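A short worksheet on the structure shown next.
The values are calculated or read from the model by the stated rules, or taken from the named source; none is laboratory data. Remember, it's a predicted structure, so these values are computed and weren't measured experimentally. Positions of Cβ are backbone-derived with ideal geometry, glycine not excepted, and every protein chain shown enters the neighbour counts.
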């Protein structure tokens, strides 16, 4: 049986931190290549993971059984739609699309094409989350808050037009 051929769309921070380190350790699959519209930024990423850069999404899709999509949410509807239309199985980072209508259209297209469409949340498999889960004796509810340094919050956005 031949290995599953996998592609990656969107080669930014999420792909580099959470997915490519694992996908590049190909055992039961073949990492076919990556696509991102900005070749200048994408090429070094592809080079570091020893995978070809594809300048066109349809070219990558033709070589893949499944594709991981890590592009911006605004691009999900177009990118995922094109992949599904070509009969490619898709894993896409949350959210599936910008609107409910777009999401429903993608779900219908996947069903019509007979391919899998999975929406994922990468933190589920992050090493620290897995370690925490292993250390828990009983089921528990844990609240985790993320605070970014120098981020703009609601209080920072207040201003006075009169002043």
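Things worth noting here:
- Of all the residues in the stretch 66-87, those that are touching a residue at least 60 places away in the same chain (Cβ under 8 Å) and surrounded by 18 or more Cβ atoms within 10 Å (Cβ to Cβ) number 8.
- Flag for residue 31 being more than 18 Å from residue 82 (Cβ to Cβ), surrounded by 13 or more Cβ atoms within 10 Å (Cβ to Cβ), modelled with pLDDT of 90 or more and within 17 Å of the chain's Cα centre (by Cα): yes
- Of all residues in the stretch 38-54, those that are in a loop (DSSP other than H, G, I, E, B) and loosely packed, with under 13 Cβ neighbours inside 10 Å total 2.
- Flag if residue 20 is under 23 Å from residue 3 (Cα atoms) and in contact (Cβ under 8 Å) with a residue 60 or more places away in the chain: no
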